[in-house]
Amino acid sequence: MSLKARDKKHLWHPLKQHQLNPDSLAIVKAKGCMLTDEDGNQYIDAISSWYTCMYGHCNDYIVNATYKQMQQLDHVMFSDFTHEPAIQLSEALIKILPQNQNKIYFNDNGSTAVEAGIKMALQYYFNKGEKRSLFIAFEDGFHGDTFGAMSVSGLSVYNGPFENFLIKVKRIPTPNGANHKAILNQLKSIVSKHNVAGFIYEPIIQGAAGMKIHNIEGLNSILEFLKTKDVLTIADEVMTGFGKTGEHFASNYIETKPDIMCLSKALTAGLLPMAITSCTQAIYNGFLSDDMAKGFFHCHTYSANPVACAAAIAGIELLTSEEIEKNIKWISNSHKTFSDTIKHHPKVKATRHIGVIFALDINAKMERYGSLRDKLLKFFMDRGVFLRPLGNTIYIQVPYVITKQELQKVYDAITEALEIV
Ligand SMILES: Cc1ncc(COP(=O)(O)O)c(C=O)c1O
């Protein structure tokens, strides 16, 4: 029996209505940018499996580093012990994170990195004896699927059924270059009426919203203002982190640095699940006390898993290598050229790009999980390209090791697809 047939017996997939769409394609191998299915068909992974495997699938350097680590130390409880891979990773991260970040807290995935960030902000004020319970977030943001992360995300099919169970959040528009005075007025009104603990944001680019890029100066003025009101700022770099925007972190583009940062996805190069919530020394100090209860009692069993740490260390070594830095630059330039050639096409409403991220809005109404989107997905797969449109946005986020021919194939598939929408 095929894997596709066996899958249906016991498996329940995320983000899927099984009654309408019962089949899942079985992938048996992944190497570099290429996925191979059980029938031997190959697809370029043009979205890096949700922005994780940025150095290519099964990258030999990362695989070897994790294999070596597996033979030495698999897992120990991080609440009681420490180990070389966690220490080495913290040192490597502190070197590339914005300068104000000084402490590294381990989690399992992007949502729990956000969850821990939200809890840090809430408990920071709880420990001080200050009652602050409200969060501010951007409209249409996406921060994950646990309750705190769902609360600060924009309302959608993801969190709609749980609306009555979420923490209190006020949502503001993203800055577009013309609206930041209005946003600041809205913020002034919010902070005058509520005790605000934190503001969470996807810096510069909102991934799940359709790779929407917002205005850097506008974002900076929001952060600057909130800092004057002691509202803790949390940069969710789960999607943007580790080179995607052309900088190691999107926060590098912004003058005002966050108090807390959430990292995952490319952190472990697509090999193993892990996440990190980093913060400033000041946030960490807010948990130091003779009172045990003021410590941060948030823990995941697999915290700082040594094998995942080894993958992350190897990933950072690649990220900071000359070769990857060069690759990010040529991919970025190539996106610019593609954008210039395609943006006047009558079926194209808008294009945007930053680093290895490219997005194109189609001039057609498309449901996030509707029939046109399914038709496009199939169209791309039939041409050997895995692209996953978000609403009417087709986006590319390729591994840094993609070849020029592979990237051209992705562009060609998108150009051809415009004829069927
Ligand atoms: C910006 C952002 N934050 C958080 C998450 C949640 O991460 P995870 O799916 O690992 O829980 C995502 C996932 O796409 C994301 O893009």
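The values are calculated or read from the model by the stated rules, or taken from the named source; none is laboratory data. Bear in mind the structure is a predicted one, so any value in this text is a computation, not a measurement. Cβ sites come from the backbone with ideal geometry, for glycine too, and all protein chains shown count toward neighbours.
Against the conditions (1) touching a His at 6+ places or on another chain (Cβ under 6 Å); (2) surrounded by 23 or more Cβ atoms within 10 Å (Cβ to Cβ); (3) not acidic (Asp, Glu), residue 218 satisfies every one except (2).
Could you look through segment 81-115, keep only residues that are among the polar types (S, T, N, Q) and in contact with a strand residue (DSSP E or B) (Cβ under 7 Å, 6 or more places away or on another chain), and pick out the one that is farthest from residue 52 (Cα to Cα)? Going through the qualifying residues, I end up with 101.
The residue that is farthest from residue 90 (Cα to Cα), among those in segment 264-312 that are surrounded by fewer than 24 Cβ atoms within 10 Å (Cβ to Cβ) and of a type in the set (Ser, Thr, Tyr), is 289. Taking segment 339-363 as the range and being out of contact with any His (no Cβ under 8 Å at 6 or more places or on another chain), farther than 29 Å from residue 108 by Cα and not charged (D, E, K, R) as the test, the residues that pass are 341, 342, 344, 345, 346, 348, 350, 351, 360, 362, 363. The set of residues from segment 123-140 being part of a helix (DSSP H, G or I) and among the basic types (Lys, Arg) comprises just one member, 128. Mind checking whether some residue in segment 72-82 is of a type in the set (Phe, Trp, Tyr), surrounded by 18 or more Cβ atoms within 10 Å (Cβ to Cβ) and either under 30 Å from residue 284 (Cα atoms) or within 16 Å of the ligand (Cβ to nearest atom) (or both)? Within segment 72-82 (the criterion being of a type in the set (Phe, Trp, Tyr), surrounded by 18 or more Cβ atoms within 10 Å (Cβ to Cβ) and either under 30 Å from residue 284 (Cα atoms) or within 16 Å of the ligand (Cβ to nearest atom) (or both)), the answer is yes, since at least one residue qualifies. Applying the criterion of at least 3 residues that are on the phi < 0 side of the Ramachandran plot and without any contact (Cβ under 8 Å) to a residue 60 or more places away in the chain to the helices (runs of 4 or more DSSP H) found wholly in segment 3-114 leaves 3-10, 60-72, 84-96.
Scanning segment 154-168 for residues that are crowded, with 18+ Cβ neighbours inside 10 Å and either free of Cβ contacts under 8 Å to residues at least 24 places away in the same chain or away from the ligand (no atom under 13 Å from the Cβ) (or both) gives a single hit, 159. The single condition from (1) in contact with a Gly (Cβ under 6 Å, 6 or more places away or on another chain); (2) in contact (Cβ under 8 Å) with a residue 60 or more places away in the chain; (3) not basic (Lys, Arg) that residue 122 fails is (1). Note on segment 189-211: residues that are among the charged types (D, E, K, R) and touching a residue at least 24 places away in the same chain (Cβ under 8 Å) amount to 1.
Right, residue 180: surrounded by 19 or more Cβ atoms within 10 Å (Cβ to Cβ) and modelled with pLDDT under 95 or not? So residue 180 passes the test. Residues that are more than 21 Å from residue 363 (Cα to Cα) and either within 24 Å of the chain's Cα centre (by Cα) or in a helix (DSSP H, G or I) (or both) occur in segment 408-418; there is at least one. Given the condition farther than 21 Å from residue 248 by Cβ and free of Cβ contacts under 8 Å to residues at least 24 places away in the same chain, answer yes or no: does some residue in segment 390-404 qualify? Scanning segment 390-404, I find no residue that is farther than 21 Å from residue 248 by Cβ and free of Cβ contacts under 8 Å to residues at least 24 places away in the same chain, so the answer is no.
Does segment 106-136 hold any residues that are more than 9 Å from the ligand (Cβ to nearest atom), surrounded by fewer than 23 Cβ atoms within 10 Å (Cβ to Cβ) and not aromatic (Phe, Trp, Tyr), and which are they? Answer for segment 106-136, where residues must be more than 9 Å from the ligand (Cβ to nearest atom), surrounded by fewer than 23 Cβ atoms within 10 Å (Cβ to Cβ) and not aromatic (Phe, Trp, Tyr): 119, 122, 123, 127, 128, 129, 130, 131, 132, 133, 134.
Within segment 50-67, being within 25 Å of residue 388 (Cβ to Cβ), away from the ligand (no atom under 16 Å from the Cβ) and of a type in the set (S, T, N, Q) holds for one residue alone: 59. Scanning segment 16-40 for residues that are surrounded by 12 or more Cβ atoms within 10 Å (Cβ to Cβ) and among the aliphatic types (A, V, I, L, M) turns up 25, 26, 27, 30, 34, 35. What about residue 120, is it closer than 25 Å to residue 249 by Cβ and in a helix (DSSP H, G or I)? Yes, satisfied.
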